[in-house]
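Worksheet: the structure to be examined is printed underneath.
Just so it is clear, none of the values below were taken in a lab; they were calculated from the coordinates. Everything quoted here is computed from the prediction, not taken from an experiment. Here Cβ is always computed from backbone atoms with ideal geometry, including for glycine, and neighbour counts include all displayed protein chains.
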Amino acid sequence: MAGLVLGLLGLIAGIVIAAIGVNFFVNNGGKDFLDCVNKANGDQSKIDQCQRDWNQTLENKYSVTLSPRPTS
């Protein structure tokens, strides 16, 4: 019985976390980012520009600087 209850709680928590993540993505220009990537039609330089534009949107909205991951 305890396993069933914990499983249901885990499922509910997962759904809530996913909903919050989707909401954050959409409210922060995620839809525009996906549209941009789709319009890039596989052109890597255009996709990179979409990423830079979205990073700039996030940096401007939250007054933060997103630094790239180390390459090595």
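What tally of residues in region 1-58 results from selecting those that are over 23 Å from Arg69 (Cβ atoms) and hydrophobic (A, V, I, L, M, F, W, C)?
Final tally of qualifying residues: 18.
Could you please tell me which pairs satisfy a Cβ distance under 6 Å, a separation of 6+ or placement on different chains, a first residue in region 15-38 that is more than 18 Å from Lys61 (Cα to Cα), and a second residue that is aromatic (Phe, Trp, Tyr)?
none
Which helices (runs of 4 or more DSSP H) does the chain wholly contain that include 2 or more residues that are surrounded by 12 or more Cβ atoms within 10 Å (Cβ to Cβ) and in contact with a Leu (Cβ under 9 Å, 6 or more places away or on another chain)? Spell out the reasoning first.
Numbers: elements: 2-27, 30-40, 44-62.
The qualifying helices (runs of 4 or more DSSP H) are 44-62.
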